[in-house]
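The values are calculated or read from the model by the stated rules, or taken from the named source; none is laboratory data. Just so it is clear, the structure is predicted and the values come from calculations on it, not from any experiment. We place every Cβ from the backbone using ideal geometry, glycine too, and count neighbours over all the protein chains shown. Calculation scope for accessible area: heavy atoms of the full protein, side chains included, ligands and nucleic acids excluded. Shrake-Rupley method; radii C 1.70, N 1.55, O 1.52, S 1.80 Å.
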Amino acid sequence: MARNIQSLERAAAMLRLLAGGERRLGLSDIASSLGLAKGTAHGILRTLQQEGFVEQDDASGRYQLGAELLRLGTTYLDVHELRARALVWTDDLARSSGESVHLGVLHQQGVLIVHHVFRPDDSRQVLEIGAMQPLHSTALGKVLSAYDPVAHSEALEADRKAFTDRTVCEPEGFEHILDVTRARGYAADVEETWEGVASLAAPIHDRRRMPVGSVGITGAVERLCRDGELRPELIAAVRDCARAVSRDLGAGRF
């Protein structure tokens with residue numbers, strides 16, 4: 001069995017202590033509460049402070065949780081709220097479209113799947129929550145890149161790999177796709193990431209009208225497309241789902 005890293009255990013205990021006690025604690029209080037030497041406690045606090053997880057009050061010298069840790073916590077809550085608000089609507093989308101539904105957010109130059117509704121048939125399927133998808137070729141990723149400036153920058157900086165002969169990798173072509181995505185309100189991926197597979201996605205906005213995720217369907221090309229084009233009723237269903245989730249997040253009408 002792998003051994004735990006003691007310094008990380010101590011840092012985690014320190015953060016829990018700062019989160020659960022008084023607003024600010026001094027070095028002596030922290031060291032005695034955790035049974036640590038002052039020098040050891042100070043070294044851990046200094047590292048946490050450099051990373052933004054802990055802040056020290058200039059006047060009193062006491063420590064409190066830092067802005068970076070609070071930012072990470074807010075990000076988790078935002079994703080949790082997004083998934084909670086989307087549950088009913090994504091279930092409805094899977095039933096109406098007959099296809100699998102994915103909910104994605106920006107994470108480390110890619111799309112993190114935070115919710116997945118299986119295609120409503122008896123076929124064998126694999127749960128993809130926690131999987132990563134590329135920004136430049138998938139419908140979920142193109143939507144994020146089109147509406148989120150951070151995702152846009154990360155997509156341009158990332159290595160845009162050609163997964164099939166349909167994948168658009170050049171910056172000019174990619175920018176054109178993003179312009180089209182913004183103009184029509186949804187993104188498409190027809191065999192750009194996987195042979196024989198198509199997907200389409202639309203953006204989700206929060207109460208600040210900021211893009212917080214994308215929702216879309218994925219399935220076989222012959223089911224999603226008709227005469228070489230994505231079926232209009234599926235496009236409408238995906239956009240309606242995205243608007244419904246956005247409204248539940250307080251975005252109002254789009």
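With every protein chain in place and a 1.4 angstrom probe, the accessible-area ranking of MET14, MET132, largest first, reads MET132, MET14.
Our coupling estimate for region 186-191, obtained by passing each phi through the Karplus curve with A = 6.51, B = -1.76, C = 1.60 and θ = phi - 60°, is 7, 10, 10, 9, 10, 6 Hz, Gly and Pro reported as x.
For the pair THR40 and GLU81, a Förster radius of 41 Å applied to the C-beta separation gives a FRET efficiency near 0.60, rounded to the nearest 0.05. Note on region 99-160: semi-axes of the ellipsoid equivalent to its C-alpha gyration tensor, largest first and rounded to whole Å, are 25, 10, 9. In this simple spin-label approximation, VAL221 and SER33 carry label points 7 Å from Cα along the Cα→Cβ vector, and these lie 6.0 nm apart.
Between ALA146, ALA19, ALA86, the GNM of the chain built on Cα springs shorter than 10 angstrom shows ALA19 fluctuating the most. Solvent-accessible area of LYS38, all protein chains in place: 120 Å² (probe radius 1.4 Å, heavy atoms, ligands and nucleic acids excluded).
Remind me, relative contact order of region 123-254 in percent, using alpha carbon pairs under 8 angstrom and six or more residues apart?
Numbers: 207 pairs, mean separation 29.0, N = 132.
That works out to 22 percent.
Between GLN56 and ASP122, what FRET efficiency follows from the Cβ-Cβ distance if R0 is 45 Å, with the result rounded to 0.05? Let's see the in-between values first.
Details: r = 59 Å, r/R0 = 1.31.
So the FRET efficiency works out to roughly 0.15.
Extension gain, ASP240 to MET210: 0.36 nm times the residue separation minus the Cα-Cα distance gives 9.0 nm.
May I ask you to give the percent of accessible area on region 132-254 that is carbon plus sulfur, with a probe radius of 1.4 Å?
Working: 2840 of 5690 Å².
So the carbon and sulfur contribution to the accessible surface is 50 percent.
Each distinct pair of alpha carbons in the chain adds a 1/r term; the inverse of their mean, the Kirkwood radius, is 20.4 Å. Solvent-accessible surface of region 46-183, taken per residue with a 1.4 Å probe and all protein chains present: 55 Å².
If you build a Gaussian network model of the chain, linking Cα atoms that sit under 10 Å apart, which residue out of SER32, SER214, SER137 swings the most? Comparing SER32, SER214, SER137 in a Gaussian network model of the chain, the most mobile one is SER32.
Note that region 88-95 has calculated 3J(HN,Hα) couplings of 5, 5, 6, 4, 4, 5, 4, 5 Hz, one per residue in order, obtained from phi through the Karplus relation 6.51 cos²θ - 1.76 cosθ + 1.60 (θ = phi - 60°); glycine and proline are x. Between VAL150 and ALA183, the modelled labels are 2.9 nm apart [label points 7 Å from Cα along Cα→Cβ]. Ellipticity at 222 nm from helices only: DSSP H runs of n ≥ 4 in the chain, each -39500 (n - 2.57), divided by the residue count, give -15000 deg cm²/dmol. Here the gap between ASP165 and ASP92, fully extended at 0.36 nm per residue and compared with their Cα-Cα distance, gives a gain of 22.9 nm.
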